[in-house]
Amino acid sequence: MDTDTLDLATCSAALAERGVAPAGRLRVVASTGSTSTDLRALAVGADPWPDGSVLVTDDQVGGRGRAGRTWTTPPGRALTFSVLLRPGVAVDRLGWAPLLGGLAVVQALSGLGLGPVLKWPNDVLLPAATPVPGWGAFRKVAGLLGDLVVEGEPAVVLGIGINVHQSLEELPVPSATSLALAGRPVARAVLLAAVLERLLDLTQRWRADGGATTGALAQAFAAACVTIGRPVQVRGPAGDVVDGVAVGLAEDGALLVESGGRTLAVHAGDVTLRAAENGSV
């Protein structure tokens, strides 16, 4: 399956077949710069889009990653979409939105017979036969980015990108992979429905718990996260470096790292799996 149709009709049909009804609006566009940038604009103003709204594109030409990085894929090869979440939880708990989004992707890909794992804060990885420095015997198949919207009711625009049909030559870095390379090609509309089904369930549970993240949701994330329990190096946005062992998550979703006899809460940064360097991850 080299490419597949991704339009409103196919997405609506896939959602209906899975019994998933988006809580808000659903829009599919042929091409755009960034679904998250567009959805942020739609989240505010005279007619703000409601909770659970989804914006999907067949071709994202100016995707954004962490730390201002750009992220692009060939047209028709990836599933790129953004979801507007208005969970009604405390602002200091909204950092969990991308973590739960990553868990939703892991659960959806697990349904394809794959063995995905999470790498804090926003990467979904698949097992690989050979290691790559900093990633171990894994390759990145999906990434997530949460944008806080503070105008009006606090909300998060959650951007999700999943490599679906890319060949090895179409991937930008050696640490990346795709579902096709993993032997599990799937129609992007079907994958969208699977991810949204899991995300809807997780966010409903999160909302019902009032944003609490110390129970079953936190345990599910920790069980899927290859970062926790491993020696890591974290390079912060300002260039500061922390070496230690990732021991868990704080209540706001920060990574807890034991380093030099202290436990530090890391809220942002690039994580290197140090144990992965010798192939033990």
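Across the stretch 38-53, what is the number of residues that are open to solvent by 30 Å² or more (accessible area, probe 1.4 Å) and either farther than 27 Å from THR73 by Cα or touching a Ser or Thr at 6+ places or on another chain (Cβ under 9 Å) (or both)? Quick ask: steps written out before the conclusion?
Of the residues in the stretch 38-53, the ones open to solvent by 30 Å² or more (accessible area, probe 1.4 Å) are 38, 40-42, 44-48, 50-51.
If we keep only those that are either farther than 27 Å from THR73 by Cα or touching a Ser or Thr at 6+ places or on another chain (Cβ under 9 Å) (or both) as well, we get 38, 40, 42, 44-48, 50-51.
Matching residues across the stretch 38-53 total 10.
Based on what the data block shows, is ARG188 among the basic types (Lys, Arg) and surrounded by fewer than 17 Cβ atoms within 10 Å (Cβ to Cβ)? Write out each step before concluding.
Details: among the basic types (Lys, Arg): yes; surrounded by fewer than 17 Cβ atoms within 10 Å (Cβ to Cβ): no.
No, not satisfied.
Identify, by number, the condition in (1) part of a loop (DSSP other than H, G, I, E, B); (2) among the aliphatic types (A, V, I, L, M); (3) crowded, with 22+ Cβ neighbours inside 10 Å that ALA182 doesn't meet.
That leaves (3) as the condition not met.
Which one of these is under 23 Å from TRP49 (Cα atoms), of a type outside the set (Lys, Arg) and buried (at least 21 other Cβ atoms within 10 Å of the Cβ): TRP96, TRP120?
Details: TRP120 fails: under 23 Å from TRP49 (Cα atoms).
Of TRP96, TRP120, the one residue that is under 23 Å from TRP49 (Cα atoms), of a type outside the set (Lys, Arg) and buried (at least 21 other Cβ atoms within 10 Å of the Cβ) is TRP96.
Any chance the stretch 38-45 includes a residue that's among the acidic types (Asp, Glu) and at pLDDT below 95? It would help to see each step written out before you state the result.
Within the stretch 38-45, the subset among the acidic types (Asp, Glu) is 38.
Adding the requirement that they be at pLDDT below 95 leaves none.
Scanning the stretch 38-45 turns up no residue that is among the acidic types (Asp, Glu) and at pLDDT below 95.
Just checking, which of VAL149, VAL195 is buried (at least 20 other Cβ atoms within 10 Å of the Cβ), closer than 14 Å to ALA104 by Cβ and of a type in the set (Val, Ile, Thr)?
On the way: VAL149 fails: closer than 14 Å to ALA104 by Cβ.
Going through VAL149, VAL195 in turn, just one is buried (at least 20 other Cβ atoms within 10 Å of the Cβ), closer than 14 Å to ALA104 by Cβ and of a type in the set (Val, Ile, Thr): VAL195.
Every residue, every condition in (1) open to solvent by less than 50 Å² (accessible area, probe 1.4 Å); (2) within 14 Å of GLY101 (Cβ to Cβ); (3) among the acidic types (Asp, Glu), yes or no:
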{"site": "LEU200", "(1), (2), (3)": "no, yes, no"}
{"site": "ALA224", "(1), (2), (3)": "yes, yes, no"}
{"site": "VAL232", "(1), (2), (3)": "yes, no, no"}
{"site": "PRO237", "(1), (2), (3)": "no, no, no"}
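Hey, can you tell me all the residues within the stretch 240-261 that are at positive phi and open to solvent by 40 Å² or more (accessible area, probe 1.4 Å)?
Passing the criteria: GLY260, GLY261.
Among the numbered criteria (1) within 23 Å of SER82 (Cα to Cα); (2) touching a strand residue (DSSP E or B) at 6+ places or on another chain (Cβ under 6 Å), which single criterion is violated by ALA137?
All conditions pass for ALA137, except number (1).
In this structure, is VAL106 assigned to a strand (DSSP E or B) and open to solvent by less than 30 Å² (accessible area, probe 1.4 Å)? Lay out the reasoning, then the answer.
On the way: assigned to a strand (DSSP E or B): no; open to solvent by less than 30 Å² (accessible area, probe 1.4 Å): yes.
When the stated conditions are applied, VAL106 does not pass them.
Quick check on the stretch 155-169. Is at least one of its residues surrounded by fewer than 23 Cβ atoms within 10 Å (Cβ to Cβ), among the small types (Gly, Ala, Ser), in contact with a helix residue (DSSP H, G or I) (Cβ under 9 Å, 6 or more places away or on another chain) and assigned to a loop (DSSP other than H, G, I, E, B)?
Within the stretch 155-169, none of the residues are surrounded by fewer than 23 Cβ atoms within 10 Å (Cβ to Cβ), among the small types (Gly, Ala, Ser), in contact with a helix residue (DSSP H, G or I) (Cβ under 9 Å, 6 or more places away or on another chain) and assigned to a loop (DSSP other than H, G, I, E, B).
So which residues in the stretch 6-27 are exposed (fewer than 15 other Cβ atoms within 10 Å of the Cβ) and among the hydrophobic types (A, V, I, L, M, F, W, C), if there are any at all?
LEU8, ALA9, ALA13, ALA16, ALA21 - these are the residues of the stretch 6-27 that are exposed (fewer than 15 other Cβ atoms within 10 Å of the Cβ) and among the hydrophobic types (A, V, I, L, M, F, W, C).
Which residue is surrounded by the most Cβ atoms within 10 Å (Cβ to Cβ), if the candidates are limited to the stretch 62-93 and must be modelled with pLDDT under 85 and part of a strand (DSSP E or B)?
Start the filter on the stretch 62-93 by keeping residues that are modelled with pLDDT under 85, which leaves 62-74.
In the following step, the residues that additionally are part of a strand (DSSP E or B) were identified as 63-64, 70-71.
Numbers: GLY63: 23, ARG64: 19, THR70: 10, TRP71: 18.
Top of the filtered list is GLY63.
Going through GLY248, GLY239 one at a time, which residue ends up being part of a loop (DSSP other than H, G, I, E, B) and small (Gly, Ala, Ser)?
On the way: GLY248 fails: part of a loop (DSSP other than H, G, I, E, B).
That would be GLY239, the only listed residue that is part of a loop (DSSP other than H, G, I, E, B) and small (Gly, Ala, Ser).
The values are calculated or read from the model by the stated rules, or taken from the named source; none is laboratory data. These numbers come from a predicted model, not from an experiment. Methodologically, a virtual Cβ is constructed for each residue, glycine included, from the backbone with ideal geometry; neighbour enumeration extends over all protein chains shown. SASA here: full protein model, heavy atoms, side chains in, ligands and nucleic acids out. Shrake-Rupley method; radii C 1.70, N 1.55, O 1.52, S 1.80 Å.
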